[in-house]
Structure formats: C-alpha cells, structure tokens
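Read the structure below first, then the notes.
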Amino acid sequence: MQRMGRIVTLAIAVSVVSASQGSAQGMGRVNRAQLTKAVEGWPMASRDAAMFMMNKYGAPAAISSDMIVWGKTGPWKRTIVYKMEYQHNFPGPHTDVMQQWIDYKAPPAMFDELAEYDGSVVMERTSGEMSARCDKEGANFLALNLANEIATGKRSVADARKMYGAQVMAMKAGRPAPYMEKLLFTPSMRATGDVDQPVM
C-alpha cells in the first residue's frame, strides 16, 4: 500500500513537471528564499540536496509539502528531492533523499543483477527509465555508471560494488573519482520503453 502511494505521488509530480514545462514563467520566479522556506523543518540531507539543485540547475518545476521536482536539467530527465529520508547502508550509512532519472533500456535478464547491485537503483521496463536515489548527485552518477557497466556485461555485481566503495573513498580522500563526476555513457536518444505483449 505504501509503494502504491509513492507511485501515485510520483505520477502526480511528473504530471506537474510536464504541465509546468509548458508554462514555466510562474515557477521560474521561485527564488532561494522561497525554496529555503519550503524546506524548513526538512531533514538536513534533504535541505542540502534541494539547495544543491537550486544552485546548479536553477528553480524547480514544482514544490509540494513533501517533495521538490525539477524537470530536464543537465543529463537528468527529472529529479525529485524528497522530504522523507530512506536509510541506506551501502556503501556506508547515509540517507537517500534525491532521485534522478535517465532514459535507459536494459535487458530484462539483467534486472536481478541490477537489484542485487544497489537497492536504490531502479530499472523501469515499461517506461524505459533508470533512476538512482542517494543523497548527492555525484553518488547518483556513480550508481548509474556502474549499473550501466553491469547491464552491458562489463562488470560483475561484486566488482561493481567494490568499485563503488573505492570511488567514494577516493572522492573523500581528495583523489580523482571520475565515476562520480558525470555520466560516462550517453543515455539513449531513442525510445527506451517496452510496452510488452498482450496476453488477452
């Protein structure tokens, strides 16, 4: 039931983004002070993620009491920063608050491997989208870069998980961590959705 509620909330948020992209004038006036007020009382990780997005990509497309939505920004199809934190202990304890999507098509046979690799990476076959949910954009870049290498057969799940930890440790030590800087592959520009086959 909770999952269904999240799906409905997400569907509403996506429709708001679509509508607002056609009339961005009003939303374009959201400023830093308004965003700061909107996230008062939110967990620190959520507030930090929202201000990061505002600073890097500008005003959001929509704001509600429990989420802030950006449409197409940089490489992302959309981004949602949630008020609710989800505890996640891989590769180390943190909370997931920012989910970012790209268009992506993976072989269905690889879905189990992707789920085993990182529970915060979601592959959606019907819509042809893949998302990562973490606390920082760099971690989402990392999660999706390694997910792509699993889906294309370049890395095993165990190797990807090991590489994930190594990249985070390198970043924290001030060493190069290229997997956390950007997407190292180009999301498909072609239709990625899979409408499946009818059985009735």
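Residue selection: Ala49 fails the criterion of being modelled with pLDDT under 95, surrounded by 18 or more Cβ atoms within 10 Å (Cβ to Cβ), among the hydrophobic types (A, V, I, L, M, F, W, C) and within 19 Å of Gln100 (Cα to Cα).
For every residue, the table says whether it meets (1) in contact with a Lys or Arg (Cβ under 9 Å, 6 or more places away or on another chain); (2) in a helix (DSSP H, G or I); (3) free of Cβ contacts under 8 Å to residues at least 40 places away in the same chain.
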| residue | (1), (2), (3) |
| --- | --- |
| Ala115 | no, yes, yes |
| Met130 | yes, no, yes |
| Arg133 | no, no, no |
| Phe141 | yes, yes, no |
| Leu146 | yes, yes, yes |
| Gly153 | no, no, yes |
| Gly165 | no, yes, no |
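Thr126 passes every criterion in (1) over 28 Å from Glu85 (Cα atoms); (2) exposed (fewer than 14 other Cβ atoms within 10 Å of the Cβ); (3) touching a residue at least 60 places away in the same chain (Cβ under 8 Å) apart from (1). Under the condition of being in a helix (DSSP H, G or I) and modelled with pLDDT of 95 or more, which residue from region 28-46 is nearest to Lys72 (Cα to Cα)? Selected residue: Ser46.
The values are calculated or read from the model by the stated rules, or taken from the named source; none is laboratory data. All values reported here derive from a predicted model rather than from experimental measurement. Because the Cβ atoms are built from the backbone with ideal geometry, glycine has one as well, and the counts that use them run over all protein chains shown.
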